[in-house]
2 protein chains.
Amino acid sequence: MKLDNIDILIENGDVLTINSEMERLENGWIAINKGKVVEISNDPQEKQKYQPTHTINAKNKIVMPGFINTHTHIAMAYFKGLADDLPLYTWLNNHIWPKETAMINDEFVYHSSLHGIAELIKNGTVMFNDMYFRGSETAKAAIKAGVRAVIGEGVLDFPVAGYDGRDSILKYSLSLIEQYKDSPTIDVSLSPHSIYTCSIETLQKVLDMSKKYGLLLHTHLAETKKEFDDSIAQHGKSPTALLNDLDFWSDKCIAAHSVWLTDEDIDILAEKKVNISINTKSNLKLASGFMPLKKCFEKKINLTQATDGVASNNNLSIIEEISTTSKVHKALNHDPTFLPAEQVIKFPTINAAKALGKKELLGSIEVGKQADIITIDTDEIEAQPIYSPYSHLVYNLNSNAIKDVLINGKPIMLNRQLLTLDENEIKDRAKFYQKKMLE
Amino acid sequence: MKLDNIDILIENGDVLTINSEMERLENGWIAINKGKVVEISNDPQEKQKYQPTHTINAKNKIVMPGFINTHTHIAMAYFKGLADDLPLYTWLNNHIWPKETAMINDEFVYHSSLHGIAELIKNGTVMFNDMYFRGSETAKAAIKAGVRAVIGEGVLDFPVAGYDGRDSILKYSLSLIEQYKDSPTIDVSLSPHSIYTCSIETLQKVLDMSKKYGLLLHTHLAETKKEFDDSIAQHGKSPTALLNDLDFWSDKCIAAHSVWLTDEDIDILAEKKVNISINTKSNLKLASGFMPLKKCFEKKINLTQATDGVASNNNLSIIEEISTTSKVHKALNHDPTFLPAEQVIKFPTINAAKALGKKELLGSIEVGKQADIITIDTDEIEAQPIYSPYSHLVYNLNSNAIKDVLINGKPIMLNRQLLTLDENEIKDRAKFYQKKMLE
């Protein structure tokens with residue numbers, strides 16, 4: 001019998017494919033070669049034909065697609081917990097913005113991004129959709145770590161992060177497009193920050209650019225009541241309607257937060273197939289509000305999950321996010337059957353892949369897709385006994401149960417040890433910047 | 001210089017005392033002898049006078065009082081995740097109660113309790129207030145583990161868990177009182193399950209017994225809207241008012257859940273100094289509702305934190321609970337300054353100790369109090385950098401950061417390894433019962 005050489009075999013796992021039939025293979029195995037999934041099965045005979053270079057034993061582990069985080073400000077890692085329990089505008093004006101002005105340069109963004117990306121990996125994340133400044137440094141860090149990213153330079157009308165204003169930010173965005181046009185793991189988005197930081201003219205300019213280059217649009221939408229009320233006062237329409245009138249919306253848009261939506265707004269987002277990035281914990285912690293998730297769900301809007309930045313969250317745990325999302329919206333709707341575990345687990349996997357234009361490549365474990373896969377241990381006392389892996393993912397486990405992360409078929413973390421980054425160096429650097437931050 | 005022999009020295013920690021001044025000692029140390037705290041300081045000279053038998057190096061760790069969980073059904077460990085995403089009554093009638101009837105006996109309760117207590121320790125818990133059946137078995141498990149407990153036999157009017165009804169449950173309760181009257185770590189409560197499972201006569205009987213023996217009363221209060229509405233329909237008053245008219249309430253009461261409270265109910269609970277046990281995640285997951293936390297807080301009701309049982313939660317993480325509590329109630333009250341980290345951290349520590357009548361002994365790190373202390377690692381990448389330990393406890397960390405647990409000055413867990421229980425035996429037993437459960 002001739003053996004097929006393959007790069008990696010993951011075996012003995014409880015495989016949750018998250019494919020359209022939500023197939024689960026207990027005691028399943030996955031053959032991976034050249035970055036792609038070659039075969040998925042639980043037939044022990046069939047497995048014999050493969051001769052893997054590496055084998056990962058996933059006994060007592062869930063094996064599933066890696067998480068995709070659809071709204072981050074990853075370079076804010078060093079701002080984690082710098083200021084809490086404050087009103088949004090005090091927090092921004094007195095703490096975050098002054099510190100950003102003082103601290104941000106290429107070197108800071110690179111190191112803080114590297115730190116944040118290390119956290120992403122520890123939280124089982126294989127791809128993130130980022131909006132911040134000096135994105136080339138974040139992209140460099142993502143490439144070093146081996147993590148996929150969509151990089152968007154936050155567009156604002158006023159001077160920020162070393163920029164004198166919008167035009168220099170757009171110029172930087174153009175250079176990003178050029179720089180990463182052939183990258184297999186880095187995509188570039190255009191990221192107008194919000195309707196309250198971008199003029200109509202700016203929004204138009206960005207929209208035209210996105211059409212010209214075929215790029216994803218990533219924006220904050222209707223995060224706070226103030227944003228909603230100001231929009232009504234200033235424009236006579238909601239933030240969603242304002243952007244709709246500019247012809248902004250399409251299935252190539254990620255609308256982060258989307259807390260303050262009218263029923264008409266929801267209809268607009270549904271009709272235009274806009275992707276929503278849900279940021280539950282950030283919205284709770286900043287008291288921004290509760291987004292109308294059930295209505296959006298009923299209108300079949302593509303719902304994805306995100307963490308927001310650690311400055312407002314304060315961690316990058318997708319498991320905590322889906323757990324909180326599922327529970328909070330059960331209570332809000334007086335319905336414990338709403339958002340069952342098998343449903344919400346799609347938010348940071350297949351739904352997120354679709355939102356970022358990667359549905360054919362990522363978001364589920366299927367033959368021919370990229371092998372972006374995580375394993376999650378269920379053998380700790382706190383997780384035993386286990387009757388349903390979906391239940392445990394959403395209601396029982398935390399991110400420390402995530403043991404292995406493969407991206408493009410390459411192990412990035414094994415048994416919680418990062419393989420592409422030096423953990424001690426990253427921690428030492430964090431301590432160095434922490435001191436600088438407090439100077 | 002004559003040296004003082006002591007049992008344990010915890011040193012180099014970020015000590016959060018949770019005393020009335022919320023004193024924090026960076027690079028602090030704690031001298032422990034014969035189960036008690038002897039000295040707390042950050043004076044390096046002063047430390048020299050102690051000669052400890054054991055030293056715990058708490059560098060890069062938070063050192064704080066262990067958590068006290070004020071509402072558990074710990075012997076339900078084996079029911080964890082057995083059924084989810086269901087309406088409360090389907091869940092109880094079709095899943096939990098039939099399984100309980102089939103499974104519960106002394107042996108099951110002992111082993112499932114042992115499992116649940118192992119989980120409690122892994123979550124940094126030093127004491128729990130339990131309501132379930134066959135409580136002597138739970139007490140035995142707690143004693144074996146070295147964890148403090150208040151044990152209450154759930155009183156219901158109908159046959160349950162091998163009992164033919166109320167009187168046999170009360171008889172069992174009397175035997176518990178006798179059995180544990182001299183125990184240094186086990187207290188006994190009387191635990192009428194709720195107003196919808198106990199008749200007025202039963203409630204009266206239990207109340208008389210509690211007065212006779214000077215015992216804590218522990219009950220479910222106003223958990224669901226149905227309970228509230230039924231009480232109004234049947235008695236013409238709310239559950240809280242009904243119990244008040246029986247003279248049930250005092251500062252020796254733990255009212256678990258307390259979701260459906262009118263303003264008058266809150267006034268009653270405040271006036272009678274009743275302790276509330278908040279069960280945020282359980283209330284969200286079962287869609288029971290949001291308790292009026294801010295109003296209770298403003299009326300200075302003693303608020304404590306609990307997890308409820310793992311069948312409805314589905315873990316015993318106090319860190320997740322306080323994090324969710326703080327964030328959800330910020331959002332509900334449109335106020336990000338409500339329940340800051342320094343406030344909510346009192347719920348599962350000093351407030352809980354007070355609720356269980358242990359304010360002089362537990363709940364804070366103070367000279368003369370029992371040494372029930374945990375250490376929490378802040379040196380992982382996900383926790384770096386750290387600007388405030390309170391912020392990290394509530395917004396950043398998860399229970400896996402809890403490394404050491406001391407109860408009564410005795411190490412129960414060191415570096416996440418249980419010292420009083422055999423982890424493999426507990427896991428094997430869980431797998432055995434899991435199979436039985438599915439037969």
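The values are calculated or read from the model by the stated rules, or taken from the named source; none is laboratory data. Please read all numbers here as calculations on a predicted model, not as lab measurements. All Cβ positions, glycine included, derive from the backbone under ideal geometry; neighbour counts span all protein chains shown.
For this structure, a couple of remarks:
- Test set (1) facing another protein chain (nearest Cβ under 7 Å); (2) surrounded by fewer than 23 Cβ atoms within 10 Å (Cβ to Cβ) - A:Tyr395 fails condition number: (2)
- If you filter the stretch A:346-384 down to residues that are among the charged types (D, E, K, R) and under 15 Å from the mean Cα position of the chain (by Cα), you find that the one that is surrounded by the most Cβ atoms within 10 Å (Cβ to Cβ) is A:Asp372.
- Scope the stretch B:223-282; condition small (Gly, Ala, Ser) and more than 21 Å from B:Thr324 (Cα to Cα); matching residues: B:Ser231, B:Ala233, B:Gly236, B:Ser238, B:Ala241, B:Ser250, B:Ala270
- Residues located in the stretch A:311-333, provided they are β-branched (Val, Ile, Thr) and either out of contact with any Phe, Trp or Tyr (no Cβ under 8 Å at 6 or more places or on another chain) or more than 8 Å from every other protein chain (Cβ to nearest Cβ) (or both): A:Ile318, A:Ile319, A:Ile322, A:Thr324, A:Thr325
- Residue within the stretch B:146-163 that is without any contact (Cβ under 8 Å) to a residue 12 or more places away in the chain, more than 14 Å from every other protein chain (Cβ to nearest Cβ) and not in a helix (DSSP H, G or I) present: yes
- Residues in the stretch A:268-300 that are surrounded by 24 or more Cβ atoms within 10 Å (Cβ to Cβ) and either of a type in the set (Val, Ile, Thr) or away from chain B (no Cβ under 14 Å) (or both): 7 in all.
- Filtered residues of the stretch B:124-157 (kept if surrounded by fewer than 24 Cβ atoms within 10 Å (Cβ to Cβ) and closer than 12 Å to B:Gly66 by Cβ): B:Gly146
- Residue selected from the stretch A:235-294 under the condition touching a Lys or Arg at 6+ places or on another chain (Cβ under 7 Å) and of a type in the set (A, V, I, L, M), by the criterion farthest from A:Lys225 (Cα to Cα): A:Ala270
- Helices (runs of 4 or more DSSP H) wholly inside the stretch A:294-370 containing at least 3 residues that are among the aliphatic types (A, V, I, L, M) and more than 30 Å from A:Gly35 (Cα to Cα): A:318-332
- Residue count for the stretch A:329-368, restricted to those that are under 22 Å from A:Pro389 (Cβ atoms), in contact with a helix residue (DSSP H, G or I) (Cβ under 9 Å, 6 or more places away or on another chain) and either of a type outside the set (Ser, Thr, Tyr) or touching a residue at least 24 places away in the same chain (Cβ under 8 Å) (or both): 17
- Entry remark, the stretch A:98-142: residues being in contact (Cβ under 8 Å) with a residue 60 or more places away in the chain and over 30 Å from A:Thr349 (Cβ atoms) number 5 in total.
- Taken together, A:Tyr110, A:Tyr132 contain a single residue that is among the aromatic types (Phe, Trp, Tyr), away from every other protein chain (no Cβ under 13 Å) and touching a His at 6+ places or on another chain (Cβ under 8 Å), which is A:Tyr132.
- Flag if A:Leu414 is among the aliphatic types (A, V, I, L, M) and either assigned by TED's automatic domain parsing to the domain that holds A:Ser41 or surrounded by fewer than 20 Cβ atoms within 10 Å (Cβ to Cβ) (or both): yes
- Residue count for the stretch B:190-246 satisfying the condition of being among the β-branched types (Val, Ile, Thr) and out of contact with any strand residue (DSSP E or B) (no Cβ under 7 Å at 6 or more places or on another chain): 5.
- Reported count of residues in the stretch A:3-46, each being surrounded by 19 or more Cβ atoms within 10 Å (Cβ to Cβ) and either without any contact (Cβ under 8 Å) to a residue 24 or more places away in the chain or not in a strand (DSSP E or B) (or both), is 3.
- Total residues in the stretch B:276-294 satisfying the condition of being more than 16 Å from the chain's Cα centre (by Cα) and within 17 Å of B:Asn351 (Cα to Cα): the figure is 2.
- For the stretch B:383-392, the set of residues classified as under 26 Å from A:Asp422 (Cα atoms) and either facing another protein chain (nearest Cβ under 8 Å) or in contact with an Asp or Glu (Cβ under 6 Å, 6 or more places away or on another chain) (or both) consists of B:Gln384, B:Pro385, B:Ile386, B:Tyr387, B:Ser388, B:Pro389, B:His392, listed by residue number.
- Filtered residues of the stretch A:84-99 (kept if facing chain B (nearest Cβ under 8 Å) and of a type outside the set (Asp, Glu)): A:Leu86, A:Pro87, A:Leu88, A:Trp91
- Matching residues in the stretch A:398-420 - criterion: being touching a residue at least 24 places away in the same chain (Cβ under 8 Å), more than 9 Å from every other protein chain (Cβ to nearest Cβ) and assigned to a loop (DSSP other than H, G, I, E, B): A:Asn408, A:Gly409, A:Arg416, A:Thr420
- One residue from A:Glu342, A:Glu425, A:Glu380, A:Glu360 being more than 12 Å from chain B (Cβ to nearest Cβ) and out of contact with any His (no Cβ under 7 Å at 6 or more places or on another chain): A:Glu360
- As a summary of the residue check, A:Lys61 satisfies the conditions (1) of a type in the set (Lys, Arg); (2) within 14 Å of another protein chain (Cβ to nearest Cβ); (3) crowded, with 24+ Cβ neighbours inside 10 Å except for the one numbered (2).
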